[in-house]
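*Asks:* I have a structure here, written as structure tokens, and I will follow up with some questions on it.
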Amino acid sequence: MNTGMIILIVYVLALLALAFYAWKRDKKNIKDFATGGGLGIFVLTLTFSATYHSAYAFMGAGGFVFKNGIGWWVNGLWTVLPGVLFWVWGRRFWFLGKKYNYCSVADYASDVYQSHTVGILVTIITMVFTIPYVAMQAIGCSYIFTTMSGGTLSYTVGALIFMILMIILVWMGGMKGVAITDAAQGVFMWIGLVFGSLWIVRNNFPSVAAAFEAAFANNPELFTLPGPNGVCTMQDWLSRWIVITFGMMMFPHITLRFFAGKNLRVLKWSAVFSSIYLTSIYIFTPAVSLAGTVLMPDIAVADTIFPELLLKYTPIVFASLIISGALAAAMSTGDSQLHAVSALISTDVYKKYINKNADEAKQYKVAKICVLIFGVISIIFALLKPAMLSDILTLSNAGVGALVPTVIGGLYWKRSTKAAAISSIIAGEAIMVLFTFILKVSPLGFGAGLWSMFVSLVVFVTVSLLTKPSEHVSEVVDSINKYFAVVK
């Protein structure tokens, strides 16, 4: 067994020890399993940030830059705004969670629109599109295990190892375990990506600027728009930015964290620090990825450029530690997603429609069973090797992006109606499926996800104006506005 694999094993064992610690402190009920019982600034910041980032941070982003060049650079807008939305939207959900005892956004949607149909639609859509996202983490980890073992561990074995670890972490710890391990992995992840990238660049070039100059001399097309493959058009950028930024905030592993803060002060400062974290982690990604086009131009899988460069141009112990950060990126998102979907099914499906008399202990058991079920489904998806990580990211976010008008409308607009919510979601998803899987087109160059969000917004506003306003929606919006008119 090589040094790299030994370090990875030690890292994994340390995570399991943290999960065991959380399991010992867990209250073994669905509320604690879902929300963690109130998190502080440090843990909430890192569990949100580490969960928001994923295998894409270490693998997908580098692969995209390697293939398509500087068009990726607008990624900063994808990472500053989530922290802002975490506060602007998150504080409203936090308040409603305290007032109405919501545990999830599906729970909120079902109640605010007084419609089980709306709640079921939100649950099904977030569940369906979370599966490829979890699979994306398995794909990233498979590349890591294969790279670190020098090919000894196959892609399939790597994916299976990842999923077993995810199931154990979530099974043992719930939200508290996920959050604590996310916090540890978040620190590791930031150090790994920032300092690992800088080391590679400085080991091969006099400066970061020199790395860019070498890449430009080697392949000037990477410094043009829309890039060598014609991908980075203005339409593509707008589609990715809007869909990923807003769509990501609809995933259950993100929305559960709206309800997890101990108080509003925690939520506010977590939002501030999250924007800083999410943006700064990519500071050297363009330099190291473009340098890779000079140092390893013939790499077989573009998504593995960063770990391959680490192994080739830095000491094995350092490389292994940093690649453990890549594992952290994937695992911190994967475990959060498995946890979120399982909690969602237990609280929003099992309790409401299957066993209305289920107590918290029973819901807790159902959630843990769901961890196993969705873990298996996700690994099957991952073994199909569907696409590059950046493409899976866009597809997953496009699927949940159609929920934005419905979910956010109930927070701000008194005229939001049940009919509008249902028709908006159905119309948006229909457009996404039609353009992505049937016609396979991008009208006017804009992605299917952006068209889906646009159609869902138009339908939501139009139908709301044509149907009778809901008294309950008005009551909820008034309660939010009155609370924040007093609380500064």
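The values are calculated or read from the model by the stated rules, or taken from the named source; none is laboratory data. Predicted model, so just to flag it, every value in this text is computed and none were measured. Here the Cβ is made from the backbone with ideal geometry for all residues, glycine too, and neighbour counts use every protein chain on show. Accessible surface areas use protein heavy atoms only, side chains included; no ligands, DNA or RNA. Shrake-Rupley method; radii C 1.70, N 1.55, O 1.52, S 1.80 Å.
*Asks:* Contour minus end-to-end for Ser207 and Ile9, with contour as 0.36 nm per residue of separation and end-to-end as the Cα-Cα distance?
*Replies:* 67.9 nm
*Asks:* Right, something else. To the nearest 10 square angstrom, what accessible area does His53 show with a 1.4 Å probe?
*Replies:* Here the accessible area works out near 10 Å².
*Asks:* How far apart, in nm, are two points set 7 Å out from the Cα along the Cα-to-Cβ line at Tyr100 and at Asn481?
*Replies:* Result for the modelled spin labels: 1.7 nm.
*Asks:* Could you tell me the distance between the Cα centroids of region 299-319 and region 231-277, to the nearest Å?
*Replies:* Centre-to-centre (Cα) distance: 29 Å.
*Asks:* Oh, and also: Using a 1.4 angstrom probe and counting only protein chains, how large is the accessible area of Ile369 in Å², to 10?
*Replies:* Only protein atoms counted, so the area is about 90 Å².
*Asks:* Still on this structure, please answer the following. Taking a 1.4 Å probe, which of Asp182, Asp236 shows the most accessible area, and what order do the others take after it?
*Replies:* Ranking Asp182, Asp236 by accessible area, largest first, yields Asp236, Asp182.
*Asks:* In sequence order, what are the phi-derived ³J(HN,Hα) couplings for region 94-102 according to the Karplus relation 6.51 cos²θ - 1.76 cosθ + 1.60 with θ = phi - 60°, rounded to whole Hz, with x for glycine and proline?
*Replies:* Rounded to whole hertz, the list is 4, 4, 5, x, 6, 6, 10, 6, 6.
*Asks:* Additional query: Keeping every protein chain present and rolling a 1.4 Å probe, give me the accessible area per residue for the chain in Å².
*Replies:* 37
*Asks:* Please give the calculated 222 nm ellipticity per residue for the chain, where each DSSP H segment of at least 4 residues contributes -39500 (n - 2.57) and the sum is spread over every residue; nearest 500 deg cm²/dmol?
*Replies:* Helix contribution divided over all residues of the chain: -24500 deg cm²/dmol.
*Asks:* Can you check what the net charge comes to around Pro252, using other residues whose Cβ is under 12 Å from the Cβ of Pro252 (Lys, Arg +1; Asp, Glu -1)?
*Replies:* Taking every Cβ under 12 Å from that of Pro252, the sum is -1.
*Asks:* What figure, in Å² to the nearest 10, do you get for the accessible area of Trp269 with a 1.4 Å probe and non-protein molecules left out?
*Replies:* Taking all protein chains as shown, Trp269 has close to 100 Å².
*Asks:* Taking the Cα of His116, stepping 7 Å toward and past its beta carbon, and measuring to each backbone N in region 405-448: which are under 18 Å?
*Replies:* What the label zone holds, given the 18 Å backbone N cut-off, is 418-419, 422.
*Asks:* Report the paramagnetic label zone for Val441: residues of region 229-244 whose backbone N is under 19 Å from a point 7 Å from Cα along the Cα-to-Cβ axis.
*Replies:* Counting backbone N atoms under 19 Å from the label point, the list is 235-236, 239.
*Asks:* While we're looking at this one, here's another question. Report the gain in length on full extension from Ile426 to Ile283: 0.36 nm times residue separation, minus Cα-Cα distance, nm rounded to one decimal.
*Replies:* Working it through step by step, the gained length comes to 47.6 nm.
*Asks:* Further question on the same structure: With a Förster radius of 51 Å, plug the Cβ-Cβ distance of Asn263 and Asp298 into 1/(1 + (r/R0)^6) and report the FRET value to the nearest 0.05.
*Replies:* Here the calculated transfer efficiency is 0.45.
*Asks:* Pop out the carbon and sulfur fraction of the accessible area of region 327-445 as a percent, whole number, probe 1.4 Å.
*Replies:* Answer for region 327-445 is 70 percent, counting heavy atoms of protein chains only.
*Asks:* May I ask you to derive the FRET efficiency for Thr156 and Lys356 from their Cβ-Cβ distance with R0 = 35 Å, giving the value to the nearest 0.05?
*Replies:* 0.25
*Asks:* Here's another thing I want to ask about it. Tell me the angle of helix 155-204 to the major Cα principal axis of the chain, expressed in degrees between 0 and 90 and rounded to the nearest ten.
*Replies:* 40
*Asks:* Among Ser416, Phe188, Leu311, whose Cα sits farthest toward the positive end of the charge dipole of the chain (+1 at Cβ of Lys/Arg, -1 at Cβ of Asp/Glu, about the Cα centre)?
*Replies:* Ser416
*Asks:* Shifting gears a bit: Can you return the aspartates and glutamates within cross-link range of Lys352? Criterion is Cα-Cα under 20 Å, with same-chain partners fewer than 8 residues away left out.
*Replies:* Within reach: Asp32, Asp107, Asp111, Glu360.
*Asks:* Step through the residues of region 282-291 one at a time and calculate ³J(HN,Hα) from phi using the Karplus curve (6.51 cos²θ - 1.76 cosθ + 1.60, θ = phi - 60°), rounding each to whole Hz and writing x for Gly and Pro.
*Replies:* Going residue by residue, I get 9, 4, 10, 4, x, 5, 5, 6, 6, 4 Hz, with x marking Gly and Pro.
*Asks:* For Gly261, list long-range residues whose amide hydrogen, built 1.01 Å from N in the peptide plane, is under 5 Å from its own amide hydrogen.
*Replies:* Excluding prolines and chain starts, which carry no amide H, the hits are Leu39.
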